[in-house]
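Below you'll find the structure, written out as structure tokens, and then a few comments.
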Amino acid sequence: MKVRSAVTALALVVAPGIAVVGTATDAFAVTKISQATATQMFRDVGITWSSSGNCSDRNNSTCTSFDQLNLATAQGAQTLKRASCALNITGGTETGHASGTYSHWNGYKLDYGKNTCVTNYIKSNFSYSGLRGDGYPMWTSASGNVYADEGNHWDALYYNCGGC
């Protein structure tokens, strides 16, 4: 038992601004990152972000927050940006999105503003995978991440980093 506790404790010491959620025995433990870590990751590859409230408060639905974003989600955005073109995040982990395990609040999703380049990239490089339960069309990447066209933006669900 002492070895397991030590392994779990060591798994929690990753890097400043990064925290591992779960224990060594959790099947789907995810790494959560801070607002500062996420914004630096996005700046590093030229991803922009915006909000109608010009803020980043996780508890305000008019903000665009990255607090408690999954590391794999941020890496997935970086992968998409490197492979395509201009990418602007319009929704993150802030309140106001649909609930569920694989939700914005839980760090699995980002919303992207639509532009012709990103739309063409998704539709040309990912497989059309039918309509989501709410009627929006979806495309799935080779790595299994799902991009739903919600009309005025893309709703991206990241199960992994997309080949980072």
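Return the pair list, or none, for Cβ contacts closer than 8 Å from residues in the range 130-147 that are in contact (Cβ under 8 Å) with a residue 60 or more places away in the chain and open to solvent by less than 30 Å² (accessible area, probe 1.4 Å) to residues that are of a type outside the set (Ser, Thr, Tyr) and in a loop (DSSP other than H, G, I, E, B), at least 6 apart or on different chains.
Asn145/Asn160; Asn145/Gly162
Considering each residue of the range 73-102, count those that are open to solvent by 10 Å² or more (accessible area, probe 1.4 Å) and either of a type in the set (Ser, Thr, Tyr) or touching an Asp or Glu at 6+ places or on another chain (Cβ under 9 Å) (or both), and give that number.
Of the residues in that region, 10 qualify.
If a residue has to be within 16 Å of Tyr112 (Cβ to Cβ), surrounded by 19 or more Cβ atoms within 10 Å (Cβ to Cβ) and among the small types (Gly, Ala, Ser) to count, how many in the range 35-72 make the cut?
Summing the residues that are within 16 Å of Tyr112 (Cβ to Cβ), surrounded by 19 or more Cβ atoms within 10 Å (Cβ to Cβ) and among the small types (Gly, Ala, Ser) in the range 35-72 gives 3.
Can you name the number of the only condition in (1) of a type outside the set (A, V, I, L, M); (2) more than 17 Å from Gly113 (Cβ to Cβ); (3) modelled with pLDDT of 95 or more; (4) not in a helix (DSSP H, G or I) that Phe28 fails?
Unmet for Phe28, out of (1) of a type outside the set (A, V, I, L, M); (2) more than 17 Å from Gly113 (Cβ to Cβ); (3) modelled with pLDDT of 95 or more; (4) not in a helix (DSSP H, G or I): (3).
So which residues in the range 136-153 are of a type in the set (Gly, Ala, Ser) and closer than 18 Å to Lys114 by Cα?
Here is the first cut: in the range 136-153, the residues of a type in the set (Gly, Ala, Ser) are 141-144, 148, 151.
Passing the criteria: Ser141, Ala148, Gly151.
Check whether at least one residue in the range 62-84 is over 13 Å from the mean Cα position of the chain (by Cα), closer than 14 Å to Gln35 by Cα and hydrophobic (A, V, I, L, M, F, W, C), and report yes or no.
Yes, the conditions are met somewhere in the range 62-84.
If I ask for residues that are closer than 22 Å to Asn70 by Cα and open to solvent by 30 Å² or more (accessible area, probe 1.4 Å), which ones from the range 105-125 would you list?
Trp105, Asn106, Tyr108, Lys109
The values are calculated or read from the model by the stated rules, or taken from the named source; none is laboratory data. For clarity, every value in this text was computed on a predicted model and none was experimentally measured. Cβ sites come from the backbone with ideal geometry, for glycine too, and all protein chains shown count toward neighbours. Protein only, heavy atoms only, side chains kept; ligands, DNA and RNA dropped before computing areas. Shrake-Rupley method; radii C 1.70, N 1.55, O 1.52, S 1.80 Å.
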